[in-house]
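Have a look at the structure below, then the notes.
The values are calculated or read from the model by the stated rules, or taken from the named source; none is laboratory data. All values reported here derive from a predicted model rather than from experimental measurement. When we count neighbours, we look across all protein chains shown, and the Cβ atoms used for this are built from the backbone with ideal geometry, even at glycine. For accessibility, only protein heavy atoms count, side chains too; no ligands or nucleic acids. Shrake-Rupley method; radii C 1.70, N 1.55, O 1.52, S 1.80 Å.
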Amino acid sequence: LAAHECGHLIRMYSVPLESRLMPVTTPQHRRRAIYDSALGIERLSQLGMPDVAIVDMIGFLHQSIVRQVTNFPADFRIERWLREEYPGLQEFQSPALRRQHEEQLKTVKPEVKELTPKRMFNATNVMNAAYGRYMARLIEDRGLFSPYRRTQFAEQGRALADEIWDSEDRGYYSDVAEAQGWAELLGVSGWFEWRRLDEVQDVRLA
């Protein structure tokens, strides 16, 4: 984990100050996420979930998805960099990736689908499928993608992962561009915005 986070820092500080962008969320972005999830929120209310619990859950999901979409493209490239440049970390890397995969599988369960607004459920699981596909190739373990092969998320997840695997790594420029592309594809681009690192004040970092 420490090596991975160092990768994020190296990538960000390898570009000029004006290109060091951070994803942030504001009340306006939260309202947009609520608007986009309105049907799912209405269904939760009909199921008897208290309003306070719904608000808390939507807020948590909003932040989680923004964090996921703005980090995963970079995460993929960092893990590949670590595997290729620091082979001594492999004994720690592979188990860590498998543990994260196991945690992600919990989000595809029917009971989670029942309680999650559709756009949020789909976005999370497409990204998790992409993670499974990419890491399966990275550590040569096909089992990481197998749980997604017969789901509705397989095709998009495979496409997102393979695009990053096959494309040139332009460092932090790639991270921002790919994260924005994912957000637009998944319908969550209005849930956050990018600001220069030195301009981030009084907003919530994603």
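Restricting to the range 21-53, name every residue that is among the β-branched types (Val, Ile, Thr) and modelled with pLDDT of 90 or more.
Within the range 21-53, Val24, Thr25, Thr26, Ile34, Val52 meet the criteria.
Kindly indicate the residue of the range 1-31 that is within 30 Å of Ile41 (Cβ to Cβ) and of a type in the set (S, T, N, Q) and also most open to solvent (accessible area, probe 1.4 Å) among those meeting that condition.
Gln28
From the list Ser189, Ser174, Ser167, which residue is modelled with pLDDT of 95 or more, open to solvent by less than 10 Å² (accessible area, probe 1.4 Å) and either hydroxyl-bearing (Ser, Thr, Tyr) or within 20 Å of Tyr13 (Cβ to Cβ) (or both)?
Residue meeting the stated conditions: Ser174.
I'd like the residue in the range 110-119 that is part of a helix (DSSP H, G or I) and in contact with a Gly (Cβ under 7 Å, 6 or more places away or on another chain) and, out of all such residues, is surrounded by the most Cβ atoms within 10 Å (Cβ to Cβ).
Going through the qualifying residues, I end up with Arg119.
Across the range 177-186, what is the total count of residues that are open to solvent by less than 50 Å² (accessible area, probe 1.4 Å), under 19 Å from Val15 (Cα atoms) and small (Gly, Ala, Ser)?
1
Here is a yes/no grid of residues against (1) over 17 Å from Met120 (Cβ atoms); (2) among the basic types (Lys, Arg):
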{"site": "Gln46", "(1), (2)": "yes, no"}
{"site": "Ile54", "(1), (2)": "no, no"}
{"site": "Leu61", "(1), (2)": "no, no"}
{"site": "Arg67", "(1), (2)": "no, yes"}
{"site": "Thr70", "(1), (2)": "no, no"}
{"site": "Ala74", "(1), (2)": "yes, no"}
{"site": "Leu82", "(1), (2)": "yes, no"}
{"site": "Glu85", "(1), (2)": "yes, no"}
{"site": "Leu89", "(1), (2)": "yes, no"}
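Which of the following residues is modelled with pLDDT of 95 or more and closer than 18 Å to Leu160 by Cα: Gln104, Gln100, Gln63?
Checking each option against the conditions leaves just Gln104.
Free of Cβ contacts under 8 Å to residues at least 24 places away in the same chain, open to solvent by less than 60 Å² (accessible area, probe 1.4 Å) and part of a helix (DSSP H, G or I): which single residue out of Thr124, Thr107 fits that description?
Of Thr124, Thr107, the one residue that is free of Cβ contacts under 8 Å to residues at least 24 places away in the same chain, open to solvent by less than 60 Å² (accessible area, probe 1.4 Å) and part of a helix (DSSP H, G or I) is Thr107.
Only residues that are open to solvent by 50 Å² or more (accessible area, probe 1.4 Å) and part of a loop (DSSP other than H, G, I, E, B): list them for the range 139-153, please.
Selection gives Glu140, Arg149, Arg150, Gln152.
Taking the conditions exactly as written (touching a Phe, Trp or Tyr at 6+ places or on another chain (Cβ under 7 Å) and in a helix (DSSP H, G or I)), does Ala136 satisfy them or not? Give the derivation first.
Details: touching a Phe, Trp or Tyr at 6+ places or on another chain (Cβ under 7 Å): yes; in a helix (DSSP H, G or I): yes.
Here the answer is yes, as Ala136 does meet what is asked.
Could you tell me how many of the residues in the range 91-102 are out of contact with any Leu (no Cβ under 8 Å at 6 or more places or on another chain) and either touching a residue at least 12 places away in the same chain (Cβ under 8 Å) or among the hydroxyl-bearing types (Ser, Thr, Tyr) (or both)?
The total comes to 2.
Among the residues of the range 33-91, count how many are open to solvent by 10 Å² or more (accessible area, probe 1.4 Å), outside any helix (DSSP H, G or I) and farther than 30 Å from Met12 by Cα.
Qualifying residue count, the range 33-91: 4.
From the list Gln156, Gln100, exactly one residue is surrounded by 13 or more Cβ atoms within 10 Å (Cβ to Cβ), in contact with a helix residue (DSSP H, G or I) (Cβ under 6 Å, 6 or more places away or on another chain) and among the polar types (S, T, N, Q). Which is it?
Gln156
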